[in-house]
1. Look at Ile13 and say whether it is within 19 Å of the chain's Cα centre (by Cα), surrounded by fewer than 16 Cβ atoms within 10 Å (Cβ to Cβ) and either farther than 22 Å from Tyr102 by Cα or in contact (Cβ under 8 Å) with a residue 60 or more places away in the chain (or both).
2. Among the residues of segment 139-148, are any of a type outside the set (D, E, K, R) and within 24 Å of Leu50 (Cα to Cα)?
3. Going by what's in this entry, would Asp77 be described as surrounded by fewer than 20 Cβ atoms within 10 Å (Cβ to Cβ), in contact with a helix residue (DSSP H, G or I) (Cβ under 8 Å, 6 or more places away or on another chain) and either without any contact (Cβ under 8 Å) to a residue 12 or more places away in the chain or outside the structural domain of Phe113 (by TED's automatic domain parsing) (or both)?
4. Within segment 40-58, identify whether any single residue is of a type in the set (S, T, N, Q), surrounded by fewer than 17 Cβ atoms within 10 Å (Cβ to Cβ) and closer than 23 Å to Pro103 by Cα, and answer yes or no.
5. Name the pairs: first residue in segment 114-143 and modelled with pLDDT of 95 or more, second residue of a type in the set (A, V, I, L, M) and assigned to a loop (DSSP other than H, G, I, E, B), Cβ to Cβ under 9 Å, at least 6 apart or on different chains?
6. Do we find that Glu182 is surrounded by fewer than 16 Cβ atoms within 10 Å (Cβ to Cβ) and charged (D, E, K, R) in this structure?
7. Part of a helix (DSSP H, G or I), of a type outside the set (A, V, I, L, M, F, W, C) and under 18 Å from the mean Cα position of the chain (by Cα): does that describe Arg19?
Amino acid sequence: MITNDRIAEVLSIPDDGQRGDALRQLDHRIASRTDASLSTIEVLSGFEGLRSETSIPAQAFLWRLLINAPGQPQVRDHALKVLRQGRGPHRGFALFYLRLHYPELMLQLIAQFEHDPDPDVRYEISEYFFDKDRNKSMEMKIDLLPCESHELNDALVLEITAMGEPQHLAELRRRDQIAGGETIFGVTADALQRRLEES
């Protein structure tokens, strides 16, 4: 049945893989502006989907879709619940959602989660500080290295290389030396040094 609720249509697909792929494609179409953003009805369907979806990849794309849609109190409350559970997937997405849509909550959340063991959560806090205290943001990103997530690890190296300053280069060299050399700190330092010398 054709409806105006694209999220509900996708979530009705019984196969986990096909459902996740359909959410990924919808996310891509919206991000590339081929499709319209989610409507309020679709955001609410996405919220219900987050609560019932069992596929972790599908959950990730639901979060991405909701992050790029207008904020809703129900999603806010769910994001707070996910974040405060203290473990489980997508806590970083939950904080990303709150950071973008409910920034007034961030000082309280930072006080609670600045030292959280989940690197995705700490990454989102580093992003919050990016426009407010660039040096603190970069220091937090360096503290996240090395990271078990290859995706996050690669993102951190690229960001530190692109936006680091001489003091961050010195800190990377110090950490590489303490760790015995030839570490991710040294690799990142080499890339940052090249960028600083070229600029």
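The values are calculated or read from the model by the stated rules, or taken from the named source; none is laboratory data. Here the structure is a predicted model, which means the values were calculated and not measured. All Cβ positions, glycine included, derive from the backbone under ideal geometry; neighbour counts span all protein chains shown.
1. Here the answer is no, as Ile13 does not meet what is asked.
2. no
3. Numbers: surrounded by fewer than 20 Cβ atoms within 10 Å (Cβ to Cβ): yes; in contact with a helix residue (DSSP H, G or I) (Cβ under 8 Å, 6 or more places away or on another chain): no; either without any contact (Cβ under 8 Å) to a residue 12 or more places away in the chain or outside the structural domain of Phe113 (by TED's automatic domain parsing) (or both): yes.
No; evaluated as a whole, the condition is false for this residue.
4. yes
5. Pro119/Leu144; Arg122/Leu144; Tyr123/Leu144; Ser126/Leu144
6. On the way: surrounded by fewer than 16 Cβ atoms within 10 Å (Cβ to Cβ): yes; charged (D, E, K, R): yes.
Yes, satisfied.
7. Working: part of a helix (DSSP H, G or I): yes; of a type outside the set (A, V, I, L, M, F, W, C): yes; under 18 Å from the mean Cα position of the chain (by Cα): no.
Spelling it out, it is not the case that Arg19 is part of a helix (DSSP H, G or I), of a type outside the set (A, V, I, L, M, F, W, C) and under 18 Å from the mean Cα position of the chain (by Cα).
Quick grid of which residues meet (1) over 18 Å from the mean Cα position of the chain (by Cα); (2) outside the structural domain of Glu124 (by TED's automatic domain parsing):
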| residue | (1), (2) |
| --- | --- |
| Ser37 | yes, yes |
| Ser52 | yes, yes |
| Ala60 | no, yes |
| Leu65 | no, yes |
| Gly88 | no, no |
